[in-house]
Amino acid sequence: MRCPQCGHLDSKVVDSRSSDDGESIRRRRECTSCGFRFTTYERAGDLPLVVIKKDGTTEPFDREKILRGLITAAVKRDIPLSRLEGLVNDVETELRNTFRNEVISNQLGDMVLVRLFSLDKVAYIRFASVYKDFKDLDEFTSELGSVRSRG
């Protein structure tokens, strides 16, 4: 593991423990060259998940891309980052438990929206406005009405 301080390639593990969600191992490392301490997270190596986009192209599943979208949707909302990370973990775990390595982007977006709806309605609307790509004000208004009637 490359040291983020000096770039040296050798480090030693000082401490290891399971993360709170049990999905990864947190390792505290120390650079053998400069002594800088840093943290890494290790996840089990699984088959790569592939997202099939609307236009038929594919791209690797990117949990960070989903998290960035959620963070953007949750701006100025009282939602801890840990809750958003947990939401992404939950979606990824569900996908991996299906034992498929491909998911259609619409299904992925719906999985995120279902979880986000119960977390925060405003963040849900913000995320949905980008994900669902509303064509006009009527579609957006219809979605708002749907949220009001469900929530």
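For a label point 7 angstrom out from the Cα of TYR41 toward its Cβ, which stretches of region 1-31 have the backbone nitrogen within less than 13 Å?
18-27
If contacts are Cα pairs under 8 angstrom and at least 6 residues apart, what is the relative contact order of region 1-58 in percent?
Contact order relative to length: 25 percent.
State whether region 35-118 is rounded, prolate or oblate according to the following rule on the C-alpha gyration tensor (a ≥ b ≥ c being the square roots of its eigenvalues): a/c under 1.5 gives rounded; otherwise a/b larger than b/c gives prolate, and the remaining case gives oblate.
Oblate, because a/c is 1.5 or more while a/b does not exceed b/c.
With a point put 7 Å past each Cα toward its Cβ, work out how far ARG63 is from ASP136 in nm, to one decimal.
Inter-label distance under the simple model: 4.2 nm.
Could you name the aspartates and glutamates whose alpha carbon sits less than 12 Å from that of LYS54, not counting residues in the same chain fewer than 8 places away?
Reachable aspartates and glutamates: ASP133.
Among VAL114, LEU87, VAL147, pick out the residue whose Cα is farthest towards the positive end of the charge dipole of the chain, where Lys and Arg carry +1 and Asp and Glu carry -1 on C-beta, about the Cα centre.
LEU87
By how many nm would the segment from THR72 to SER129 grow when fully extended, if each residue of separation counts as 0.36 nm and the alpha-carbon distance is taken off?
The span from THR72 to SER129 would gain 19.3 nm if fully extended.
Name the shape class, rounded, prolate or oblate, that the alpha-carbon gyration tensor gives for region 81-133, where a ≥ b ≥ c are the square roots of its eigenvalues, rounded holds for a/c under 1.5, and otherwise prolate holds if a/b is larger than b/c and oblate otherwise.
Oblate shape, in that a/c is at least 1.5 and b/c is the bigger or equal ratio.
Can you tell me what the convex hull of the Cα atoms of the chain projects to on average, as an area in nm²?
11.6
What is the distance, in nm, between label points placed 7 Å from the Cα along the Cα-to-Cβ direction at SER19 and at ASN101?
Spacing of the two 7 Å Cα→Cβ label points: 2.2 nm.
At a Cα cut-off below 27 Å, give the lysines reachable from LYS76, other chains included and same-chain residues fewer than 8 away excluded.
LYS65, LYS121, LYS132, LYS135
What distance in nm lies between label points placed 7 Å from Cα along the C-beta direction at ASP90 and ILE52?
Distance between label points: 2.6 nm.
May I ask you to derive the relative contact order of the chain, considering only C-alpha pairs under 8 Å and at least 6 residues apart, and to give it as an integer percent?
After rounding, I find 15 percent.
Per the Debye formula with a single identical scatterer at each Cα and no solvent contribution, what log10 I(q)/I(0) holds for region 8-64 at q = 0.19, 0.27 Å⁻¹?
-0.78, -1.03
Quick note: the coordinates plus some simple rules give every number you see, no bench work behind them. Everything quoted here is computed from the prediction, not taken from an experiment. Note that each Cβ is placed from the backbone with ideal geometry, even for glycine, and that neighbours are counted across all protein chains shown.
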